[in-house]
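Undergrad: Shown below is the structure under consideration.
The values are calculated or read from the model by the stated rules, or taken from the named source; none is laboratory data. On a predicted model such as this, the values are computed, not experimentally measured, just so you know. No Cβ is skipped: glycine too gets one built from the backbone with ideal geometry, and neighbour counts run over all protein chains shown.
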Amino acid sequence: MTVWGHIVRSLEGGEPCALVTVATAGGSTPRETGARMVVWADGRFSGTIGGGTLEFEALRWARRALGDENKGLELRTVSLGPDLGQCCGGRVDVAIETLEPAQLPMALMLAEREAERVPFATQARVQSGIAVDRQIVKLSEEFGFRLEDDGTLLETFGDYRRPLYLFGAGHVGRALILALAPLPFDITWLDSREDAFPKAVPGNVRKLLLNRDDRSVAECLAQAPDNAFVLAMTHSHALDEDIMAAGLAQQRFTYCGVIGSATKRARFEKRLKTRGLAPAVVSTMVCPVGLPAIRSKHPAAIAAGIAADLLERDEAAVKETANPDRFAWPQAHAN
C-alpha cells in the first residue's frame, strides 16, 4: 500500500494523522509484517491491516493517540486469541505513530520516492514522545518493520509491482485493466488503435500506441524488464502471433500468454516453430489464459479469471526468487 501520498495531503491541510503498521507477525495473522493503514481522528482510514477485531482495535488506538496529542511511535503487543477472541491464534506487534503538520517536509520526501513505485528503505531513531524523523537509506535487504534494541527503526516502503505488458484494448482488455487496478501490477497497455483506449485509466497503467513513429512490437518488448509478464489479446490473430513470437524469442519473460482456444494454441505452436522458435520455447506459451473452471464468456468474467491466474503466477514467481511474503521482491528491483 502507498501511504505517504495520503499523509502529505493530510499534513498539507493542517490535519494530523496516524500511521498504523504491523510491526511483527507470528503464527496465523490477518496480514504480514509491514502492512499499513493511515488513520484520521474522525475515524476515516485508508488501507488495512486485515480487518476484523484487530483492525477495529487498532483504529481505536490510533484515534486515541491523535486525541491525546501523543507524539512519536508506540508498540502494542496483541495475542489474537486471548486478547481479542479471534480464532487465528497468532501474535502481532502493532506500531501506532502520530504525524503532525511539522513533519510535512519528511512526508513530501517520502511521498516523492514512493511515487516511483519501487521499494525503498528508511532509517530513523525512535524515542518516547518525540516525532519520528526518517531518512532514506540504501535498500540492502527487506526490512518491512524492524525496531532494534537501541531504538533504530528500519522500514521498507513502496510495493513491488509485476511489470505487465498488455496488448489489446478491446472489451476483455478494458475489463482486465479494471480487474488489475488494485493488484500488484505495473501495466503498460498497448494497442494500435488510439481511439480504443479510454480517456481515464487506473494509476498503475500507462498507455502506449503501437506503430506510431515506427514503434513496433519488438521495440516495445525490448524495453520491458526481464521478469515482465506479456499478454496478448488484440483484435488481430496475426498481431497476437507477432507478440508471442517476439516475447518468446527473448526467453527472459516470466510469462507469455495469448487469449484464445486450444485450436488457436495448436495453430500458433505450428506457426511459431515455422518461424524458427524451438519447441521447448514454444511450449512455455500460455494459451488459453485464465482459470479453466470459469466458463462464462462475459468480458468481466474472463478478466476475473485472467486476473486470478496472473496473481497466482506472480506470487509463485516471487516465492521462487525470494520468499512467499508479499514484501519480498526480486533483487533486481532493489536500490
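Undergrad: If I filter segment 185-203 down to residues being in contact with a strand residue (DSSP E or B) (Cβ under 6 Å, 6 or more places away or on another chain) and in contact (Cβ under 8 Å) with a residue 40 or more places away in the chain, which single residue comes out as surrounded by the most Cβ atoms within 10 Å (Cβ to Cβ)? Don't jump to the end; show me each part of the working.
TA: Step one: of segment 185-203, the residues in contact with a strand residue (DSSP E or B) (Cβ under 6 Å, 6 or more places away or on another chain) are 185-190, 194, 197.
Right, trim to in contact (Cβ under 8 Å) with a residue 40 or more places away in the chain and you get 185-186.
Numbers: Phe185: 23, Asp186: 19.
Here the answer is Phe185.
Undergrad: Ok, one more. Considering only residues that are touching a helix residue (DSSP H, G or I) at 6+ places or on another chain (Cβ under 6 Å) and crowded, with 20+ Cβ neighbours inside 10 Å, look in segment 31-44 and name the one that is farthest from Leu59 (Cα to Cα). Explain how you work it out, then say what you get.
TA: Initially, segment 31-44 is screened for residues touching a helix residue (DSSP H, G or I) at 6+ places or on another chain (Cβ under 6 Å), giving 38-39, 41.
Filter again for crowded, with 20+ Cβ neighbours inside 10 Å, leaving 38-39.
Working: Val38: 9, Val39: 7 Å.
This residue is Val38.
Undergrad: If the requirement is being at pLDDT 95 or above, under 30 Å from Ala232 (Cβ atoms) and hydroxyl-bearing (Ser, Thr, Tyr), which of these qualifies: Thr188, Thr98? Break it down stepwise before answering.
TA: Details: Thr98 fails: under 30 Å from Ala232 (Cβ atoms).
So the residue among Thr188, Thr98 that is at pLDDT 95 or above, under 30 Å from Ala232 (Cβ atoms) and hydroxyl-bearing (Ser, Thr, Tyr) is Thr188.
Undergrad: How many residues, within segment 263-313, are of a type in the set (A, V, I, L, M) and either over 24 Å from Pro184 (Cα atoms) or not assigned by TED's automatic domain parsing to the domain that holds Gln251 (or both)? Give the steps one after another, and end with the answer.
TA: We begin by selecting, within segment 263-313, every residue of a type in the set (A, V, I, L, M); these are 266, 272, 277-278, 280-282, 285-286, 289, 291, 293-294, 300-304, 306-308, 310-311.
Next, only the ones that are either over 24 Å from Pro184 (Cα atoms) or not assigned by TED's automatic domain parsing to the domain that holds Gln251 (or both) stay: 266, 272, 277-278, 280-282.
Adding up the residues that qualify gives 7.
Undergrad: Since Arg162 meets every condition but one in (1) surrounded by fewer than 17 Cβ atoms within 10 Å (Cβ to Cβ); (2) of a type outside the set (Gly, Ala, Ser); (3) modelled with pLDDT of 85 or more; (4) touching a Pro at 6+ places or on another chain (Cβ under 9 Å), which condition does it not meet?
TA: (1)
Undergrad: Continuing with the same structure: Quick check: is even one residue across segment 227-250 on the phi > 0 side of the Ramachandran plot and outside any helix (DSSP H, G or I)? If you could, list the steps in order and put the result at the bottom.
TA: Initial filter on segment 227-250 (on the phi > 0 side of the Ramachandran plot): none.
Taking every residue of segment 227-250 in turn, none turns out to be on the phi > 0 side of the Ramachandran plot and outside any helix (DSSP H, G or I).
Undergrad: Looking only at segment 124-183, filter to residues that are touching a Gly at 6+ places or on another chain (Cβ under 8 Å) and charged (D, E, K, R); which one of those is farthest from Glu114 (Cα to Cα)?
TA: So, considering only residues that are touching a Gly at 6+ places or on another chain (Cβ under 8 Å) and charged (D, E, K, R), the one farthest from Glu114 (Cα to Cα) is Arg125.
Undergrad: Out of Arg134, Arg174, Arg125, report the one residue that is in the same structural domain as Gly305 (by TED's automatic domain parsing) and either of a type in the set (D, E, K, R) or in contact with a Ser or Thr (Cβ under 6 Å, 6 or more places away or on another chain) (or both). It would help to see each step written out before you state the result.
TA: Details: Arg134 fails: in the same structural domain as Gly305 (by TED's automatic domain parsing); Arg125 fails: in the same structural domain as Gly305 (by TED's automatic domain parsing).
Exactly one of Arg134, Arg174, Arg125 is in the same structural domain as Gly305 (by TED's automatic domain parsing) and either of a type in the set (D, E, K, R) or in contact with a Ser or Thr (Cβ under 6 Å, 6 or more places away or on another chain) (or both), namely Arg174.
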